[in-house]
């Protein structure tokens, strides 16, 4: 890998490029969530979250990991293969994704009553069979996964970023009219229409590169795609357990609390975890192909990992401090007064993203090495403990406890991955990385205590000191990396 590929400036460049696009996505998401919270309220949002979690579970249970495995395969072929070989590989990927889309539809329809019964309570779904109406959504999600993997494998990262921005705008346009006119009755229609529109947008960007060609009844094509399935199935099982654990978590919150609490939890998660986690999403698009290119060289792999950790923390830590201090105002701006109940939950969940920013670059080593079984094993353990910690926290301390559980689950994830991958892959964090972690965790810990214990004036005063300190430390690291 070239010096440019392993440098901090390269990592930061792509985090910046994708972060800028994700910032636009964030703006679209903010507007969408604001009006969704107004039109649906906490209980309606809870129902929306439930349907989304079911669709994600169905998608992850049936995609066979093809879209993930194809990124690595197509990326390697892109480096060494001919244009004809790449075009053929694209046909293989699309053919397998087409069949996984059919599988998703069959699974969604046949298992609708079972999935619906999971959320049986005093506040049920519109009816148990309503889950079957998500079939167009899960079909489109499977095809979208294939198109994204093709673009990532071909290193068309700017095109990926552009698509995400256009899709974010389309989600705003295609969902809000249904929520405003039909309220909860429009949720399923809005979900289907928005995802079908997203698929059309992906096709607009990918078909000019490689026209749509599939061979669903070709045994030769199916055999050629089998290695992708063999590599991808463990990853698909891991993704399925993650989606399944999320679905079970929401079902348990519904049973212990209410449908409104499901909506409140999701919005608290969205504000602190999803929005702040955009940095990690930006990282993945560039980091995984770079790490895959040096996966057999321990020294270069560790160098790439350490650079990525420090680059992520440079963005994440100051952002978390600002968000914690300003959380009540953020909630008022993004949602409405009803959702101020999630203030302490969102603040307590800040640790989730901080620890995730450290754990994620380490976790990708197994994926870059193609050790999907180890990755699956780690995901199973982490998901099991995550559900237990979050539900336990919610049971003891309500929504605030759920935020504490989120941070605790991320810390457990980091410790488990750090120890296991340190032994198995010789993953080591450099002294410079430890220094960044130490300073930022102290600063974030003080900010957390101030937000929970001090009145607003004291909280703002502490934040006014800590935020410049965190930014200064990030700036020092930036200058050192660029000497």
**Message:** Looking for something touching a helix residue (DSSP H, G or I) at 6+ places or on another chain (Cβ under 6 Å) and either surrounded by 22 or more Cβ atoms within 10 Å (Cβ to Cβ) or closer than 19 Å to residue 237 by Cβ (or both) - is there at least one such residue anywhere in segment 27-34?
**Reply:** no
**Complete:** Matching residues in segment 129-163 (touching a residue at least 60 places away in the same chain (Cβ under 8 Å), surrounded by 21 or more Cβ atoms within 10 Å (Cβ to Cβ) and closer than 22 Å to residue 51 by Cα) number 7
**Asked** Here are some conditions: (1) within 27 Å of the chain's Cα centre (by Cα); (2) within 30 Å of residue 378 (Cβ to Cβ). Residue 451 meets all but one. Which one does it not meet?
**Response** (2)
**Request:** Specify which of the listed residues (92, 71, 54) is over 18 Å from residue 194 (Cα atoms), crowded, with 22+ Cβ neighbours inside 10 Å and modelled with pLDDT of 90 or more.
**Result:** 92
**Request:** Taking residue 79 as meeting all but one of (1) more than 12 Å from residue 153 (Cβ to Cβ); (2) surrounded by fewer than 20 Cβ atoms within 10 Å (Cβ to Cβ), write down the number of the exception.
**Result:** (1)
**Asked** In this structure, does residue 437 turn out to be under 30 Å from residue 242 (Cα atoms) and either modelled with pLDDT of 95 or more or outside any helix (DSSP H, G or I) (or both)?
**Response** no
**Message:** Tally up the residues in segment 323-347 that are surrounded by 18 or more Cβ atoms within 10 Å (Cβ to Cβ) and more than 16 Å from residue 402 (Cβ to Cβ), please.
**Reply:** 6
**Prompt:** Within segment 367-381, how many residues are under 19 Å from the mean Cα position of the chain (by Cα) and free of Cβ contacts under 8 Å to residues at least 40 places away in the same chain?
**Reply:** 1
**Asked** When you look at residue 180, is it modelled with pLDDT under 90 and surrounded by fewer than 16 Cβ atoms within 10 Å (Cβ to Cβ), yes or no?
**Response** no
**Message:** Regarding segment 158-172, can at least one residue be identified that is in contact with a helix residue (DSSP H, G or I) (Cβ under 7 Å, 6 or more places away or on another chain) and over 26 Å from residue 30 (Cβ atoms)?
**Reply:** no
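One line per residue, one yes/no per condition, for (1) assigned to a helix (DSSP H, G or I); (2) farther than 21 Å from residue 99 by Cβ:
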site	(1), (2)
181	yes, yes
188	yes, yes
195	yes, no
211	no, no
229	yes, no
252	yes, yes
260	yes, yes
**Asked** From the residues in segment 414-432 that are over 24 Å from the mean Cα position of the chain (by Cα) and assigned to a helix (DSSP H, G or I), which one is surrounded by the most Cβ atoms within 10 Å (Cβ to Cβ)?
**Response** 425
**Message:** I'm trying to understand the selection: among the residues of segment 389-409, which are under 20 Å from residue 241 (Cβ atoms) and surrounded by fewer than 17 Cβ atoms within 10 Å (Cβ to Cβ)?
**Reply:** 392
**So residue 244, is it over 30 Å from residue 85 (Cβ atoms), assigned to a helix (DSSP H, G or I) and either modelled with pLDDT under 90 or touching a helix residue (DSSP H, G or I) at 6+ places or on another chain (Cβ under 6 Å) (or both)** = yes
**Listing of helices (runs of 4 or more DSSP H) fully contained in segment 321-402 that carry 3 or more residues being at pLDDT below 90 and touching a helix residue (DSSP H, G or I) at 6+ places or on another chain (Cβ under 7 Å)** = 350-369
**Asked** Using beta carbons and a limit of 8 Å, which pairs, at least six apart or on different chains, have the first residue in segment 186-208 and more than 23 Å from residue 44 (Cα to Cα) and the second one outside any helix (DSSP H, G or I)?
**Response** 203/212
**Asked** Can we say residue 199 is part of a helix (DSSP H, G or I) and crowded, with 16+ Cβ neighbours inside 10 Å?
**Response** yes
**Message:** Contact list please: Cβ distance under 7 Å, first residue in segment 92-108 and without any contact (Cβ under 8 Å) to a residue 40 or more places away in the chain and on the phi > 0 side of the Ramachandran plot, second residue part of a helix (DSSP H, G or I) and surrounded by 18 or more Cβ atoms within 10 Å (Cβ to Cβ), pairs at least six apart or on different chains.
**Reply:** none
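The values are calculated or read from the model by the stated rules, or taken from the named source; none is laboratory data. As the structure is a computational prediction, the values presented were derived from the model and not from experiment. Counting neighbours? That spans all protein chains shown, and the Cβs are built from the backbone with ideal geometry, glycine included.
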